[in-house]
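Engineer: Below: one structure in structure tokens.
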Ligand SMILES: NC(=O)c1ccc[n+]([C@@H]2O[C@H](COP(=O)([O-])OP(=O)(O)OC[C@H]3O[C@@H](n4cnc5c(N)ncnc54)[C@H](O)[C@@H]3O)[C@@H](O)[C@H]2O)c1
């Protein structure tokens, strides 16, 4: 199937990045959100980010102008009906995603491919509630989308080969690299990354190291660009905890038990960078470890 247009549901952190890279790759983009302010903020952010790419000579002014012209926004979900590919990137709640698909399905062309950017919800379960489980996939971008190279493609149990190949073609055209994952909790990246972050929190909890010594150890001893606690703050500690719970519940193995200290930080509302406090305090000039 020749995909020319992409409908994106949700204009938050991920949705705006997906719109950005899709428009630059030449796709017509229709972006929707339930909040008009999210749509306005997304267009502002995409403009700022593309202007920065022009200033750094990553793209030309004309590429930027054409890409911006390809992005349309709407507060009406069914306006995405004519899109060849839908990428759902709304809030990580299963009831919200089911409701979006239920409203959107009657407006879609029969051949439209439906995908979700979910980090943790079962693709097979989401697909089973639609009229097209064979044309349903996980299309999992990494944050921040314009910078991160990987897209995980997750096949549900019913996903057919044409759908998979069409989505692979889109990833290629976005100039990104795909890795294929089967539909098991947290897929590949988070299945490996989150237990490492959780273990770093246990290392802190048990007093084996301080925030600084743990992050320094992994940066200089394992050549990681960011320490695990710094990375956890960047991702959001609530998100890290939610993914650990998905692993723990879905695989029923105690090795995925979320560290009580991670839970404590989330209970305190110390969710990382977005809350200005997590394993580091970001309210001053430079981040200060909180333990
Ligand atoms: N943040 C990450 O690092 C990351 C990485 C990979 C995947 N994801 C996944 O991407 C999805 C979005 O995450 P995010 O970080 O962009 O969240 P976010 O909170 O920044 O954005 C979600 C957006 O969805 C909108 N929304 C809620 N209900 C809606 C509806 N019914 N119709 C349309 N829009 C609706 C919200 O108004 C909000 O603007 C989630 O499924 C998440 O698991 C997130």
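The values are calculated or read from the model by the stated rules, or taken from the named source; none is laboratory data. For clarity, every value in this text was computed on a predicted model and none was experimentally measured. Cβ: placed from backbone, ideal geometry, glycine included. Neighbour counts: every protein chain shown.
Engineer: Could you please tell me which pairs satisfy a Cβ distance under 6 Å, a separation of 6+ or placement on different chains, a first residue in the stretch 237-248 that is in the same structural domain as residue 200 (by the TED database) and within 10 Å of residue 186 (Cα to Cα), and a second residue that is modelled with pLDDT under 90 and outside any helix (DSSP H, G or I)?
Structural biologist: Pairs that qualify, where the first residue is in the same structural domain as residue 200 (by the TED database) and within 10 Å of residue 186 (Cα to Cα) and the partner is modelled with pLDDT under 90 and outside any helix (DSSP H, G or I), are 243/120; 246/120.
Engineer: Of the residues 126, 104, which single one is closer than 18 Å to residue 159 by Cα, part of a helix (DSSP H, G or I), in contact with a strand residue (DSSP E or B) (Cβ under 9 Å, 6 or more places away or on another chain) and in the same structural domain as residue 155 (by the TED database)?
Structural biologist: When all the criteria are applied, what remains is 126.
Engineer: Here's another thing I want to ask about it. Which of the residues that make up the stretch 184-211 are surrounded by 15 or more Cβ atoms within 10 Å (Cβ to Cβ) and touching a strand residue (DSSP E or B) at 6+ places or on another chain (Cβ under 8 Å)?
Structural biologist: Passing the criteria: 187, 188, 189, 211.
Engineer: Which condition number in (1) modelled with pLDDT of 95 or more; (2) farther than 23 Å from residue 169 by Cα; (3) in contact with a helix residue (DSSP H, G or I) (Cβ under 7 Å, 6 or more places away or on another chain); (4) not in a strand (DSSP E or B) is the one that residue 96 fails?
Structural biologist: Result: residue 96 passes all but (3).
Engineer: Could you list, in sequence order, the residues of the stretch 96-124 that are more than 10 Å from the ligand (Cβ to nearest atom) and exposed (fewer than 14 other Cβ atoms within 10 Å of the Cβ)?
Structural biologist: Of everything in the stretch 96-124, those that are more than 10 Å from the ligand (Cβ to nearest atom) and exposed (fewer than 14 other Cβ atoms within 10 Å of the Cβ) turn out to be 102, 106, 109, 110, 111.
Engineer: What about residue 136, is it over 30 Å from residue 273 (Cβ atoms), surrounded by 21 or more Cβ atoms within 10 Å (Cβ to Cβ) and in the same structural domain as residue 20 (by the TED database)?
Structural biologist: Against the criterion (over 30 Å from residue 273 (Cβ atoms), surrounded by 21 or more Cβ atoms within 10 Å (Cβ to Cβ) and in the same structural domain as residue 20 (by the TED database)), residue 136 qualifies.
Engineer: Follow-up question, since we're still on this one. Quick check on residue 17: is it surrounded by 14 or more Cβ atoms within 10 Å (Cβ to Cβ) and either part of a strand (DSSP E or B) or without any contact (Cβ under 8 Å) to a residue 12 or more places away in the chain (or both)?
Structural biologist: So residue 17 fails the test.
Yes or no, residue by residue, for (1) surrounded by fewer than 20 Cβ atoms within 10 Å (Cβ to Cβ); (2) modelled with pLDDT of 95 or more:
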position: 224; (1), (2): yes, yes
position: 229; (1), (2): no, yes
position: 234; (1), (2): yes, no
position: 239; (1), (2): no, no
position: 243; (1), (2): no, no
position: 259; (1), (2): no, yes
position: 267; (1), (2): yes, yes
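Engineer: Another question about this same structure. Determine whether the stretch 133-141 contains at least one residue that is more than 10 Å from the ligand (Cβ to nearest atom) and touching a residue at least 60 places away in the same chain (Cβ under 8 Å).
Structural biologist: Among the residues of the stretch 133-141, not one is more than 10 Å from the ligand (Cβ to nearest atom) and touching a residue at least 60 places away in the same chain (Cβ under 8 Å), which makes the answer no.
Engineer: Then there's this: Considering only residues that are modelled with pLDDT of 95 or more, outside any strand (DSSP E or B) and under 12 Å from the mean Cα position of the chain (by Cα), which ones fall in the stretch 144-166?
Structural biologist: Selection gives 145, 146, 148.
Engineer: Does at least one position in the stretch 38-59 carry a residue that is assigned by the TED database to the domain that holds residue 137, within 16 Å of the ligand (Cβ to nearest atom), out of contact with any helix residue (DSSP H, G or I) (no Cβ under 7 Å at 6 or more places or on another chain) and at pLDDT below 95?
Structural biologist: No - not one qualifying residue is present in the stretch 38-59.
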